[in-house]
1. By average Cβ neighbour count within 10 Å, what is the ranking of A:242-252, A:27-37, B:132-142, B:92-102 from highest down?
2. Compute the separation of the alpha-carbon centres of segment B:133-160 and segment A:1-56 and state it in Å as a whole number.
3. Please order A:Tyr231, A:Tyr7 by the number of other Cβ within 10 Å, starting at the fewest.
4. Output the Cα-based Rg and Dmax of segment A:133-188 in Å, rounding Rg to one decimal and Dmax to a whole number.
5. In whole Å, what are the Cα extents of segment A:2-287 along the three principal axes, biggest one first?
6. Rounded to whole Å, give me the distance from the Cα center of segment A:100-126 to that of segment A:182-198.
7. Go through B:Lys115/B:Lys137; A:Lys5/A:Lys112; A:Lys34/A:Lys180; A:Lys33/A:Lys137 and tell me which ones have a Cα-Cα distance over 28 Å in this structure.
8. Which whole number gives the average, over all residues in B:106-119, of C-beta atoms from other chains lying within 10 Å of the residue C-beta?
Amino acid sequence: MISDKIYERLTGEKGYFDSRIIYVSETGPKVDKKKRLAVMDQDGYGVKYLTLGNELVLTPRFSPTSQQVTYMSYFKNLPRVYLLNIETGIQDLVGDFPGMTFAPRFSPDGKKIIMSFAQEGNSDIYTMDIKTRVVEKLTDHPSIDTSPSYSPDGSYITFNSDRSGFQQIYTMKSDGTNVKRISFGEGLYGTPVWSPRGDLIAFTKLYRNKFYIGVMRSDGSGERLLTENYYQEAPSWAPNGRVLVFYRETASDSSGRGGGAKLWSIDLTGYNERLIQTPTDASDPSWSGLLSGK
Amino acid sequence: MLFKNLNKVALALVMTLFLGACATQQATTTTTTKGDDAYTGTETVKFLADGVPDRVFFSTNKSELTSAATTTLGKQATYLKANPTLNVVLEGHADERGTREYNLALGERRATAAKNYLISNGVAANRIKVLSYGKEKPANPASNVLAWSQNRRTVTVKTN
């Protein structure tokens, strides 16, 4: 794509224009929002809806290697992780779990889905191999372990746990060993997501009743907050690791009106914060890989 | 005269700053520390039967049952034992001041706490299902401390 070539010439970095964003379109009143999966080009053009809105859908994530997405749906009032091919429309339940599965993401090779499974008040992290359907349990702790994300080489996982008493960010090897807490600042930390370059982890932070999107190195050092607001969360990296997309929600008034979610992007530098126009309110954005391959 | 007015303005400004500081302090306490800020009122509450409230409330980021919650769940257990053909789903919820995925887990933990209390009070486990909505279905859509406290809840819903 020409724009990617220009970006590369100007910045010395790979571009990201030839990519898409999947997100959740939101309409209706706050107490009963209608949510649909939607996909668009990274600049906000060409929106296509993938579900009808009959059931609640949350947290779609692109496969880094194919036109598949994994997401959570309340189909038949059973909150479960699904796999959807956005070209064919073919949809599959991921795994045969007796309770809620949520917070799915692909492994960097696209072969596994990593997610949380909640049972008896305890959420742990599991993987499922998409082809063989083999399920592996990676954490075994009575706390909430969720929001897992692989390092780009697949050898580590970052996740969110409240095992210290409050939500903090941890890393572990991809076999579940060597668990290490990496966030030690004041406040709560959530939704860690590993940069496609491997050096940084982006996260959401709640501190003194404000929400921040920030980045830190994968050992927890060098924490840098990029943006502060009333509510924002769920950063997702552009394929070149230079830009983050996330959603921001405004407060509603005392009668419940006026609040709404929008997609925003921001450069890793903390500059160039930008609203991505969408036809409806929007949340839970996830960036695809480059469409033309590497 | 002018100076008098200026003084008043200055005083008002100081008061505003002071109150502002207090409000910030309070908000911090309710979202990041172990406060006991579970809702204790009756707004939003419905009834499964006469005198049997349908929901219990939780403190921020907590899933421990308060004494008000165990009183309510005790009444629910008595009601369910008197109506042995009734089944219920316990819907667990969180307020909007948290990340979506963590809130899903928190809703499940809250609903399970209520479920375990009903079971320990003699309700058969196979009559109770748990369903977490995280922050997706607020009872009160406002963005303020009162609404958040009303939204940190587990609601018992009859399924038959």
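1. Per-residue mean Cβ counts within 10 Å order the peptides as B:92-102, B:132-142, A:242-252, A:27-37.
2. Rounded to whole Å, the Cα centres lie 30 Å apart.
3. A:Tyr7, A:Tyr231
4. So, for segment A:133-188, Rg and Dmax equal 11.5, 40 Å respectively.
5. 45, 44, 44
6. Centre-to-centre distance over Cα atoms comes out at 18 Å.
7. Listed pairs above 28 Å: A:Lys5/A:Lys112; A:Lys34/A:Lys180; A:Lys33/A:Lys137.
8. 3
Rule-based calculations on the coordinates, nothing more; no lab input. None of the values given here were measured: they were computed from a predicted structure. Here Cβ is always computed from backbone atoms with ideal geometry, including for glycine, and neighbour counts include all displayed protein chains.
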